[in-house]
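Have a look at the structure below before the remarks.
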Amino acid sequence: MRGPRGRLVLGLFVLGLGIVPAAAALTAATGDPERGEPLYRRHCAVCHGAAGQGDGPNASFLDDDQPRDLTDPRYMGGRRDEQLFRVIAEGGQAIQGSRFMPPWGRTLLPSQIWDLVAFIRALSAPARASPPPTGGPSAGAVLASELGCAACHRIGGLERVAVGPDLRAERSRVQRAWLVDFLRAPRAIRPAGYRPLWRSRMPDFRLSEEEAAALAEYLMSRPEREEKGPDSPPPPGEVERGRDLFRRHACRACHSREGAGGRAGPDLSTIAGRLKPAWTLRFLENPQAVDPLSPMPHLGMGGDDARAITSYLFDGGPPPPEPAPDPGAASRGEALFRSLGCGGCHDDARHEPVGPDLSGTGDKLKAEWLSQFLRRPDRVRPWLTARMPDFRLSDDEARILLGFLGGLRDPAAAGLPERLRFRDVPPEANVHAGRRLASREFLSCASCHLGEDQPEGAPEEWAPDLRISGRRLQPDWIVRWLHDPRRLAPGTKMPTYFSDAASGPEDILDGDEERQILALRDYILSLGATGGAPGKAPPGH
Ligand code: HEC
Ligand code: HEC
Ligand code: HEC
Ligand code: HEC
Ligand code: HEC
């Protein structure tokens, strides 16, 4: 216990001396709570809680060493600014407290730590005792923004933000076999989210095996240099030393291994099947040198200690050799990466929305279908390579998003004249007239739209299955669509059949265009009412 531990504590002490004088020029008075807030969110809230009450999502994994409630005026009033500065810079050890409070002095500048002190002070100030005013963006808008819906959709006032990690270094970072597996069945890597406390996650694209392999090949072909891993096996005792250092640095405060430990960072039990040793070593030495925004603290380990911890984490043998790259797959993968909209979440400047415009969703889609689709997206547009990924939404999240999307109205929808609005179940005669109109004899909708039979031509030319449309579209939207599809979707291939009073077939419903549009609407609705397409499971199964 004595020897190595003494060295470590001394190391921290020396470093502490280095920080405090450098910071002497600055004081709490120069700290700015507004600058401190985002730092707090990135590095501290996972343990101390969004409002500072010590109830962050990682707190329950810390056993008896609970994070301090930073809103408690009695306790906080007894702490001087310099004391707070020192705990933040040097960790819980600076007050003979818990090692689960990590040292941040190598991750943050002294000025940033003062910003944090100022922010923490505001948390326990009496004025803050009342809850912060609400009235900002709705819960639905926040959720849609955190999940990255705007990566693929134009959607009411939401800006696109990169909600996922940078993928340009995957080649030096992860194992190919893991990557293919992950793309086929994504799961949470960072339990607290890639952006701490955001609900961002990697959605499931329902990729085929070949698609996942091609995407992996592309990611593994990206230019970043690949470091050489340690080629000799670790010297005897190295793994043991690593285990000891792992305990001493309190890595367990944030990482679980073999079932125990925090959930602020990734589970480190299976790291040998996921990461590469050389990358891990470099990351442990200085996480912010690898990713400036990484929430993982720079713990000031020397190369020797980082190597020992890496040996411990990878104990169990070297990773399997990688198969030879397949350059053809890489270029197929790049095309897929683009067309699936991966870059929308993973920061790619050449970004174009790949999903439909969602601005008028509340006037377009039936709530019931929308709710099913959000939980279990299905294909609507057969010609798109892009697809709506599965976000594995919880019931609560699906409900919040449903409320948000249902509230996105199209101002033009209000202009639909009363006589064209849907009232109740249409008369059978209307449905019949609509079926005739849609048939090959007249407007031949099935030459593009999927249905009982497949349309002619290539799948890229096909249009949605009208049996699904009847289930998902609101009646009044169908009328507006049939009247003028180009106004709702500029550039669509759907023809405008009813451009003027002479455009409809003469021998149906007296050639009256309005009645013909209503008949087509009723026909499409009747298709939806008869349930799913034959041979296909109904939604939700
Ligand atoms: C892994 C969880 C964890 C993270 C992340 C964390 N803390 Fe802590 N923090 C703790 C624990 C545990 C304590 C209690 C230490 C003790 O009293 O023994 C604590 C205590 C504190 C205290 C009280 C010190 C005192 O004087 O009693 C302050 C201030 C503090 N943390 C600030 C921060 C700031 C600022 C950050 C982000 C830069 C942060 N913490 C990140 C776990 C964490
Ligand atoms: C990777 C791109 C991508 C992301 C991210 C994405 N979508 Fe989609 N979404 C699509 C595509 C592509 C379609 C069209 C699917 C089809 O028609 O087959 C779609 C369709 C939809 C539809 C049906 C719209 C219509 O008019 O048919 C809704 C609603 C929707 N998405 C909501 C969401 C929400 C909410 C989120 C965030 C939780 C989201 N999408 C995130 C790509 C995406
Ligand atoms: C305050 C919490 C915290 C502490 C303490 C901490 N980490 Fe981390 N660690 C994280 C977070 C958060 C991430 C994810 C960071 C990212 O993606 O940039 C991470 C990422 C990692 C990774 C990369 C994992 C992956 O799958 O991508 C390794 C390896 C790692 N940490 C090892 C350690 C070791 C070893 C220690 C102790 C010496 C330690 N960490 C201490 C929070 C922490
Ligand atoms: C809606 C946003 C979103 C879209 C679209 C998206 N991703 Fe992700 N992706 C994420 C998030 C968030 C994570 C981090 C997950 C975690 O840490 O739990 C992630 C993680 C990953 C990872 C693991 C990275 C690592 O090393 O930690 C890979 C690889 C990846 N995505 C590839 C892709 C590919 C390929 C596509 C397109 C098929 C794609 N992503 C589309 C949000 C997205
Ligand atoms: C030349 C091909 C073509 C023909 C013929 C055609 N459509 Fe379409 N239709 C499309 C395309 C393409 C879309 C998808 C629109 C888009 O998203 O750009 C579409 C969309 C639709 C939609 C919305 C579907 C949804 O679920 O979002 C309806 C309803 C519709 N068409 C009805 C009809 C009817 C009724 C007829 C016959 C009177 C018809 N279409 C004939 C190409 C066609």
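The values are calculated or read from the model by the stated rules, or taken from the named source; none is laboratory data. Predicted, not measured: the structure shown is a model, and the values here were computed from it. Backbone-built Cβ (ideal geometry, glycine too); neighbour counts: all protein chains shown. Protein only, heavy atoms only, side chains kept; ligands, DNA and RNA dropped before computing areas. Shrake-Rupley method; radii C 1.70, N 1.55, O 1.52, S 1.80 Å.
Going by amide H atoms built from the backbone, whose H comes under 5 Å of the H on Leu275, apart from near neighbours?
Gln175
Using protein chains only and a probe of 1.4 angstrom, how many square angstrom of Cys445 are accessible, to the nearest 10?
The accessible area comes out at roughly 30 Å².
Taking the Cα atoms of the stretch 140-223, what is the range of coordinates along each of the three principal axes, in descending order and whole Å?
Computed over the stretch 140-223, the largest-to-smallest principal extents equal 37, 25, 24 Å.
At a Förster radius of 56 Å, what calculated FRET efficiency corresponds to the Cβ-Cβ distance of Arg35 and Arg421, to the nearest 0.05?
Rounded to the nearest 0.05, the efficiency is 0.55.
Excluding Glu217 itself, what net charge comes from residues whose Cβ is under 12 Å from its Cβ, given Lys and Arg +1 and Asp and Glu -1?
-2
Given contacts defined as C-alpha pairs under 8 Å and at least six residues apart, what's the relative contact order of the chain, whole-number percent?
13 percent
Could you give the DSSP H helices of the chain that reach 27 angstrom or more along their long axis (alpha carbon positions) and whose average Kyte-Doolittle hydropathy is no lower than 0.0?
Numbers: long enough: 2-23 (31 Å, 1.08).
Going by DSSP H runs, the hits are 2-23.
Which sequence of Trp481, Trp369 reflects their accessible areas, 1.4 Å probe, from the largest down?
Trp481, Trp369
Given the whole protein assembly as supplied and a 1.4 Å probe, what does the accessible area of His48 come to in Å², nearest 10?
About 20 Å², rounded to the nearest 10.
Stick to Cα atoms and the Kirkwood definition of Rh, then tell me Rg/Rh for the stretch 238-313.
With Rg and the Kirkwood Rh in hand, the quotient comes to 0.92.
On the full set of protein chains, 1.4 Å probe, figure out the accessible area of Tyr75 and give it in Å² to the nearest 10.
Taking all protein chains as shown, Tyr75 has close to 70 Å².
What is the sum of charges around Arg86, taking Lys and Arg as +1, Asp and Glu as -1, for the other residues whose C-beta is under 12 Å from the C-beta of Arg86?
That works out to -1.
Would you mind estimating how fast the chain diffuses translationally, via Stokes-Einstein at 25 °C and 0.890 mPa s with the Kirkwood radius over Cα pairs, in µm²/s? Walk me through the numbers before you get to the answer.
Details: Rh = 27.3 Å.
Once the numbers are plugged in, D ends up at 90 µm²/s.
Please report the relative contact order for the stretch 411-529, taking Cα pairs under 8 Å with a sequence separation of at least 6, and give it as a percent rounded to a whole number. Write out the running numbers ahead of the final one.
Details: 145 pairs, mean separation 40.3, N = 119.
Relative contact order comes out at 34 percent.
With the Cα gyration tensor of the stretch 411-529 in hand, convert its eigenvalues to equivalent ellipsoid semi-axes via √(5λ) and list them largest first in whole Å.
They are 20, 17, 15 Å, listed largest first.
Once neighbouring chains are kept in place and the probe is 1.4 Å, which whole percent of the accessible area of the chain is contributed by carbon and sulfur?
Details: 15560 of 28030 Å².
Ligands and nucleic acids excluded, carbon and sulfur give 56 percent.
Hey, what's the stretch 238-313 come to in accessible area per residue, 1.4 Å probe, Å²?
39 Å²
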